[in-house]
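Chemist: One structure coming up, written as structure tokens, with questions to follow.
Bear in mind that the values in this text are calculations on the coordinates, not laboratory data. Since we're looking at a predicted model, the values are computed, not measured. Neighbour counts are summed over all protein chains in view; Cβ atoms, including those assigned to glycine, are modelled from backbone coordinates with ideal geometry.
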Amino acid sequence: MEMAVGIDVIVISRVAKVLRRHPERFLRRVFTPEEVAFCRGRVHELAARFAAKEAVMKALGTGARGLAWREIETLPNRRGKPLVYLHGDAKKRGETIGLRGVDISLTHEGDLAIAAVVGMAEASPLDRDAHRTYLVDWLKEQGRL
């Protein structure tokens, strides 16, 4: 077992700016209808969920490559604790690495929203040896080593 960890921070005013310029397009592209309904236009809630999507992508070991924003959903349980739901390719990626017990924490203060994700993965989201070899070869090609 290996830890699957992701963290992200976003400036809330940046989310507010995008919402002012392209409200429908941004909401439709990034958030599920359920997230939009729950947040009711509260920018700090939307920003925290945007950070959550980024943090989950990091925990999955993909970054934003190959996953759609709406495939990662954060909704509260009855007591308000945020829970992560994976759909589509994000769910497949989670299954591929054997992701279990995903937990998330969201917070916002001032102009910042932060999300931290932690879970257990049966398989490493990254083949460390292959990645290191690739990086060392690339550094040599660049003349840095």
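Chemist: Residue-wise, which Karplus ³J(HN,Hα) couplings in Hz belong to region 74-79, taking 6.51 cos²θ - 1.76 cosθ + 1.60, θ = phi - 60°, and x for glycine or proline?
Modeler: These are the phi-based 3J(HN,Hα) values: 10, 10, x, 7, 4, 9 Hz.
Chemist: Here's another thing I want to ask about it. Report the gain in length on full extension from Lys17 to His87: 0.36 nm times residue separation, minus Cα-Cα distance, nm rounded to one decimal. Walk me through the numbers on the way to the answer.
Modeler: Numbers: separation 70, 0.36 × 70 = 25.20 nm, distance 2.78 nm.
Extra length available between Lys17 and His87 comes to 22.4 nm.
Chemist: Kindly provide the helix-only [θ] at 222 nm of the chain, computed as the sum of -39,500 (n - 2.57) over DSSP H runs of four or more divided by all residues, to the nearest 500 deg cm²/dmol?
Modeler: The helix contribution divided over the chain gives -14000 deg cm²/dmol.
Chemist: Name the residue farthest towards the positive end of the dipole of the chain from the options Gly6, Ala37, Ala52, assuming +1 on Cβ of Lys and Arg, -1 on Cβ of Asp and Glu, about the Cα centre.
Modeler: Projecting each Cα onto the dipole axis, the largest value belongs to Ala37.
Chemist: Using a simple spin-label model with points 7 Å from Cα along the Cα→Cβ vector, what separation in nm is obtained for Asp111 and Trp138?
Modeler: 3.2 nm
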